[in-house]
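Chemist: My questions all concern the structure below.
What follows draws every value from the coordinates through simple rules; no lab data is involved. Predicted, not measured: the structure shown is a model, and the values here were computed from it. No Cβ is skipped: glycine too gets one built from the backbone with ideal geometry, and neighbour counts run over all protein chains shown.
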Amino acid sequence: MNPYPPPPSWAAEIASVGVTGTNGKSSTTRFVAAGLGVGTPGPVGRVTTVAAAIGDQAGPPPADHQGFLALMQRLRERGGRRAAIEATSAALGLGFSRAWPFHVGVFTNLGHDHQRTHGSFEHYLASKAQLFVALADGGAAVLNAQDPASSLIAEVLPASVRALWFAGPSEARDRAVDLRVLRATPSWAGLELELEASASLGPIPAALCLRALPAFQAPNAAAALLACVALGIPGPDAANAIAECEPPRGRFEALNPNDDARPRVVVDYAHTPEALTAALASARRLCRGRVVLVVGAGGDTDASKRRPLGAAASAADLVWLTNDNPRHEDPRAIVDELRLGLGEVEDRVELDRGAAVARAIAAAVPGDLVLIAGKGHEEVQEIGPARLPSSDHALALAALENWAKARP
């Protein structure tokens, strides 16, 4: 039974792009919203699990479907006719794609997450596929050519929906795609991309420089660009808007990108093995010294991803294992499961997350990069029944200040 009501009569007036996947949803949604702002007199709606916005006015995400509809109604009343919406597997599994019409669907990837919610990998994929099954006539599905799940999604597309394929650097080289990132070169000034596009898309810039730093944002930007082109937005204009898009908070966010005198510190939301692997690879390319990782794993969630998360963490030079959101599980037991995947990499255990961040930064030197992974934008830490104020940003900034005071 679908708990959602039918879409309101005016919903089809808003050209909506839905973004789903395991990793990269919020970033891709943000890129899409930037591109949708081209050539429209009204504001663009943007809804993620982190925040919601109408144009430049941002606030917390809707608490429920009625809140979402109220937000879309305000967008319509202000003249907005375009929206970028992050569609979670939980919402899609309950019928969200039948309650709100999407013209374009974007699939970023499928990784190891939410198994406890869905019960199986198959149900997880089937939930995400609902976005594409319900796409509007004449719509488009933007699919990741590197991910095997994309081929399964392509098989269930309605006949009137076209598939547009994207690929990152060195990915899906055995097949033709509509938009390929040939090269992604990160620096502290931004991420330089070289693009190769199908002639069917119209003019697409061959080069682009994103404000976002990590190489893993390259396919997200490519997917967003395809989504915008699918809605009729000129490729060069959409590409320029995506390039100027401010990266989302807590997604490989460098707290001191121009600071050569201290270790660089990056806060990232990576909490799956795939996301952590990508974040560490980007950190390695930006770093001339050691990569130091602070990481934990959530409690009351899918425990089977902890050992693979530990294996992903082993790409760092030094790992500080700490609390994430242990909730009702034993924090030490969670850390012990992570350690099973670490292998021979040097590690430290400090269950107090604030102390772990402080100690990791205090021991780092200029040229090192300290990656604080797992919580990103979050402002609370869940320990037992308590929700305690906790911000990786605040912890890291305080530690950087103390680092400077200790070295006059």
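Chemist: Please work out how much length the chain gains when fully extended from A363 to A404, using 0.36 nm per residue of separation minus the C-alpha to C-alpha distance, in nm with one decimal. Before the final figure, lay out each step's value.
Modeler: On the way: separation 41, 0.36 × 41 = 14.76 nm, distance 1.19 nm.
Answer, rounded to one decimal: 13.6 nm.
Chemist: For region 269-286, in order, what is each residue's ³J(HN,Hα) by Karplus, 6.51 cos²θ - 1.76 cosθ + 1.60 with θ = phi - 60°, in whole Hz (x at glycine and Pro)?
Modeler: Karplus values, whole Hz, x for Gly and Pro: 7, 3, 9, 10, x, 5, 5, 5, 4, 5, 5, 5, 5, 5, 4, 4, 6, 8.
Chemist: On to the next question. Below 11 angstrom from the Cβ of A215, what's the summed charge of the other residues (Lys, Arg +1; Asp, Glu -1)?
Modeler: Residues close to A215 contribute a combined charge of +2.
Chemist: Taking the C-alpha atoms of the chain, how large are the radius of gyration and the largest Cα-Cα span, Dmax, in Å?
Modeler: Cα radius of gyration and Dmax of the chain are 20.9, 67 Å respectively.
Chemist: To continue, here is another question. For V106, list long-range residues whose amide hydrogen, built 1.01 Å from N in the peptide plane, is under 5 Å from its own amide hydrogen.
Modeler: Counting only residues 5 or more places away or on other chains, the set is G18, V19, T20, V142.
Chemist: Taking N as the number of residues in region 11-243, what is its Cα Rg relative to 2.2 N^0.38 Å?
Modeler: Rounded to two decimals, the normalised Rg is 0.94.
Chemist: Arranged from highest to lowest average of other beta-carbon atoms within 10 Å per residue, in what order do the peptides 365-378, 302-315, 20-33 appear?
Modeler: Final packing ranking: 20-33, 365-378, 302-315.
Chemist: Please report the net charge: other residues with Cβ closer than 14 Å to the Cβ of G80, K and R +1, D and E -1.
Modeler: For residues surrounding G80, the net value is +3.
Chemist: At a Förster distance of 45 Å, what's the computed FRET efficiency of H328 paired with R78, Cβ-Cβ distance as r, to 0.05?
Modeler: It comes to 0.55.
Chemist: Let me ask something else about it. Relative contact order of region 253-405, please, whole-number percent, based on alpha carbon pairs below 8 angstrom and at least 6 residues apart.
Modeler: Once normalised by length, the contact order is 31 percent.
Chemist: Stick to the Cα atoms of region 140-241, pair each with every other, and give me the Kirkwood hydrodynamic radius in Å at one decimal.
Modeler: 13.8
Chemist: What relative contact order, as a whole-number percentage, does region 231-315 give when Cα pairs under 8 Å and 6 or more residues apart are counted?
Modeler: Dividing the mean separation by the residue count of region 231-315 yields 24 percent.
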